[in-house]
Amino acid sequence: MSFDSLLVFATLIITAYTVIPEYRRLDIKLRWGLFDWVVLIYAATLIHYLLFFPTFKTLGLTPGLSLHAWALTPKNTAYLVLFAALFVITLHLKTIKLPRRKIFKFRNYANELLNDRKYDILVKSLESKIYELRRIYNANFLLAKVKKKYGPKSFWEMAAYLEDKKQKKSSKIASIFKRPLSKLAEKAVTPLPAYKGHQVAARDAVRAFLTNKEFCSYVASSRPYFAIEIFESNFFETEEFFDNYFFELMSNKSSILFWEVKNNQNVSSDHVYGLPEENKLLHYLFSDSNKAYELSVWRPIGEYLISYLNSLENGKDNSHYNKPMEDFMERGQMESPLFVGIYFFDIMVSSALHQGIRWHMWLYYFPHFTKRIVKNYNQNQDNIDLSSEFPTRYHFLLYRLFDIMRDWIECAKHLPPGQQNVKMEDASLNHDNGNIIKSSILSFGQCLKYVLSSDKFTQDFKAYICQIGFRLYFELHASPSAKVFSDVLLLSMIKGGIQFSTETQEIKEALGEAFVQFDKIPYEFEAVKNIQAILDQ
C-alpha cells in the first residue's frame with residue numbers, strides 16, 4: 001500500500017459517508033465510540049509506521065520480527081492492518097445498537113429530527129434502536145436493578161412494600177433478622193449507579209416523538225407496522241400514541257386498517273375469524289386478545305365512530321348514508337368508516353369471546369352508535385323506496401349492528417357452558433361485565449329500544465329488526481346449553497336492556513306487531529305461547 005492508494009481509500013470513505021442516507025450517518029454517529037477511535041488511531045499509526053519503515057529501520061526502531069520470512073513487506077502488511085481495522089470496526093458497529101452513554105446525544109438528534117419534520121429518518125433510526133431505548137427508558141441494567149431492589153425506597157415504593165408485607169404476614173422472627181440485613185444491604189448498594197440521568201434522557205426522547213401527532217400521522221400512513229414495535233415496548237406514553245394512531249387509521253380510507261379489515265373476512269360457522277399473519281395488525285391484536293384488552297383497543301375506534309357520527313349530524317356526508325343502497329353493499333361498505341369500525345368490533349369481540357377473555361370489550365359502544373344513527377337518519381329523502389329490505393345505507397348499518405350482536409349471542413350454542421366468560425350467574429338484566437354473551441344481550445335490548453322508540457322507521461323495518469331477536473330467542477330456547485340465555489334475551493328486548501327500566505307500551509306494541517308478522521310455524525308451540533303471553537300482559 002502506497003501513499004497514493006491510502007489517500008484514494010480515505011477519499012472513497014469520506015465520499016461514501018457523504019452520500020449515504022442521513023439516517024445512516026446518524027446511526028454511525030450514535031454507535032461510534034471510544035473503542036472505534038482507539039482502533040482507528042492505532043491502525044493509522046501502524047500504517048504510517050509501515051509506510052516509513054525504511055526510515056525507522058535506519059534509526060534502529062524496528063521490532064525485528066523477520067516478517068520477510070513469510071514474504072510480508074511493509075506495503076502488504078499495511079494493507080492487512082487496514083483490512084483488520086475495518087473488519088473490527090464494522091463488526092463492533094454492527095453489534096452495538098445504542099450505547100447507554102449516547103442516549104443524551106440521541107435525545108438531541110431525535111428532537112432535531114422532529115423539529116425538521118424528518119420523521120422518515122427518525123423511524124429508520126428507531127427501528128434498530130427500540131430495544132436498547134426501552135432498556136435505558138426502564139433502567140433495565142443489572143446494577144440499577146440491584147440498587148432498586150435493595151436500596152432506599154421512595155414513598156410509593158415503601159407503601160407498596162408494606163402492603164405486600166402485610167399480605168404475606170411475615171413472622172416476627174423473620175422480621176427480627178430481616179431488618180438489620182435490609183439496612184446492611186441498603187448501605188452496600190448505595191454507591192451503585194441508578195442511571196437516573198440516562199433514564200430521564202430516554203424518557204424525554206420517547207415522550208417527544210410518541211406525543212407528536214405529526215410523527216404519529218407519518219407512522220400510520222407510511223410505516224404502519226412499526227407501531228407494533230412501539231406497542232410492544234409498553235412506554236408510559238404508548239396509550240396516547242395508540243389512540244392517535246388508530247384515529248389516523250380510521251381517518252384514512254387508504255390506511256392499513258381498512259385494507260386488513262377488507263382482507264379478513266374468513267369466518268367459521270361458529271363465528272371464529274381467521275387471522276392470517278399477513279394481516280399483521282389484526283393478527284397482533286387478536287391472535288392473543290389479551291393484547292387488545294391491555295391496550296383497550298375499543299377506545300380509539302369507539303370514540304372515533306362517535307365523533308364521526310356526531311359530525312355527520314349536520315354535515316354533508318350525512319346525506320351519503322341517507323341515500324339508497326345502490327352498490328353500497330358490494331363496494332361502498334369497505335370504504336365507510338362506520339362499516340369498517342363496526343366490523344372491527346365484530347372481530348375484536350368474537351376473538352375475545354372464543355379465547356375466554358372475561359371482559360365485555362366495551363361492546364356497549366353499539367347502543368351509542370345506534371342512538372346516533374337513529375338521530376342522523378332522515379326519513380324525508382327523495383327517491384327512497386321504503387318497501388325495500390334496506391331503504392337507505394343507514395338501514396343497512398343498523399341491520400349489521402343487530403346481526404353482529406346476534407352472532408355473538410348465538411355463540412352460546414357452540415361454546416362450553418362452563419367457560420367463565422359465558423357462564424350465566426344471574427338470569428336477570430344485572431350487568432355481568434365478565435360475561436360477553438350476557439353483555440351482548442343487554443346491548444341488543446338497548447339498541448332495539450332506540451329503533452322501536454323512533455317514529456322515523458316504518459313498522460316493516462321495525463318488525464324486520466325485531467324478528468332477528470325472535471329467531472334468536474327460539475334458537476337459544478331449543479339449545480340445552482344456551483336455553484338459560486333465551487329468557488334474558490326476551491326480557492332485554494322488552495325492557496330495553498336495562499334492569500330498572502320499565503317497559504313502555506310503545507315498545508311492547510311494536511314487539512307485538514312484529515310478532516304478529518313473524519312466521520311461528522317452525523318453532524315450538526309452548527315457546528311461541530310463552531312469548532305471546534308476555535307481550536299481551
For the chain, take the longest principal axis of its alpha carbons; what is the angle in degrees between that and the long axis of helix 172-189, to the nearest 10 within 0 to 90? 50 degrees
For the peptides 525-533, 457-465, what is the packing order when you average, over each peptide's residues, the other Cβ atoms within 10 Å and list the highest mean first? 457-465, 525-533
So Thr73 and Val19, fully extended at 0.36 nm per residue minus their Cα-Cα distance, gain in nm 16.0 nm
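Using 0.36 nm times the number of residues separating Val38 and Asp487, minus their current alpha carbon distance, what extension gain do you get? Mind showing how you got there, number by number?
On the way: separation 449, 0.36 × 449 = 161.64 nm, distance 7.96 nm.
Once the chain is fully extended between Val38 and Asp487, it gains 153.7 nm.
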Between Asp288 and Thr58, the two model label points (7 Å from Cα along the beta-carbon direction) sit apart by a distance in nm of 7.2 nm
What accessible area per residue comes out for the chain, rounded to a whole number of Å², with a 1.4 Å probe? 52 Å²
Using a Förster radius of 35 Å, what is the FRET efficiency between Asp204 and Ala84 based on their Cβ-Cβ separation? Nearest 0.05, please. 0.35
Taking +1 at the Cβ of each Lys and Arg and -1 at the Cβ of each Asp and Glu, which of Gly356, Pro21, Phe328 sits farthest along the dipole of the chain towards its positive end, judged by Cα position relative to the Cα centre? Pro21
When the dipole is taken about the Cα centre of the chain, and only Lys, Arg (+1) and Asp, Glu (-1) are charged at their Cβ, what size is it in debye, to the nearest 20? 4060 debye
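Taking the Cβ of Ser269 as the center, what net charge do the other residues with Cβ under 12 Å away carry, scoring Lys and Arg +1 and Asp and Glu -1? Walk me through the numbers before you get to the answer.
Working: positive: Lys413; negative: Asp270, Asp407, Glu410.
Combined, the nearby Lys, Arg, Asp and Glu give -2.
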Against the longest principal axis of the chain, how steep is helix 103-115, in degrees 0 to 90 to the nearest 10, with axes from Cα atoms? 60 degrees
R0 of 41 Å, Cβ-Cβ distance Leu46-Ser128: FRET efficiency to nearest 0.05: 0.85
Between helix 196-210 and the chain, what is the angle of the helix's C-alpha long axis to the longest principal axis, kept within 0 to 90° and rounded to the nearest 10? 50 degrees
Environment charge at Val528 (Cβ cut-off 11 Å; Lys +1, Arg +1, Asp -1, Glu -1): -1
In whole angstrom, how far apart do the alpha carbon centroids of region 247-302 and region 211-228 sit? 17 Å
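If you roll a 1.4 angstrom probe over the protein chains with everything in place, what fraction of the accessible area of the chain belongs to carbon and sulfur, to the nearest %? Walk me through the numbers before you get to the answer.
Values: 15930 of 28130 Å².
Looking at the chain in its full context, I get 57 percent from C and S.
Taking 0.36 nm per intervening residue step and subtracting the Cα-Cα distance, what contour gain separates Asn252 from Ala533 on full extension? Please report the intermediate quantities before stating the final value.
Values: separation 281, 0.36 × 281 = 101.16 nm, distance 5.06 nm.
Fully extending the segment from Asn252 to Ala533 adds 96.1 nm.
Can you compute the FRET efficiency between Glu229 and Glu509 using 1/(1 + (r/R0)^6), with r the Cβ-Cβ distance and R0 = 41 Å? Round to the nearest 0.05. Working shown, then result.
Numbers: r = 56 Å, r/R0 = 1.37.
Approximately 0.15, to the nearest 0.05.
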Per DSSP helix of 4 or more residues, -39500 (n - 2.57); summed, then divided by the residues of the chain. What does that give at 222 nm, rounded to the nearest 500? -20500 deg cm²/dmol
Here, Lys187 and Glu526, labelled 7 Å along Cα→Cβ, have an inter-label distance in nm of 8.1 nm
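Determine the relative contact order of the chain: mean sequence separation of Cα pairs under 8 Å and six or more apart, normalised by residue count, in whole percent. Can you show the working numbers first?
On the way: 584 pairs, mean separation 49.1, N = 537.
Across the chain, relative contact order equals 9 percent.
The values are calculated or read from the model by the stated rules, or taken from the named source; none is laboratory data. All of these numbers come straight from a predicted model, not from anything done at the bench. Cβ coordinates were reconstructed from backbone atoms using ideal geometry, including for glycine residues, and neighbour counts include every protein chain displayed. Just the protein is used for accessible areas: all its heavy atoms, side chains included, with ligands, DNA and RNA removed. Shrake-Rupley method; radii C 1.70, N 1.55, O 1.52, S 1.80 Å.
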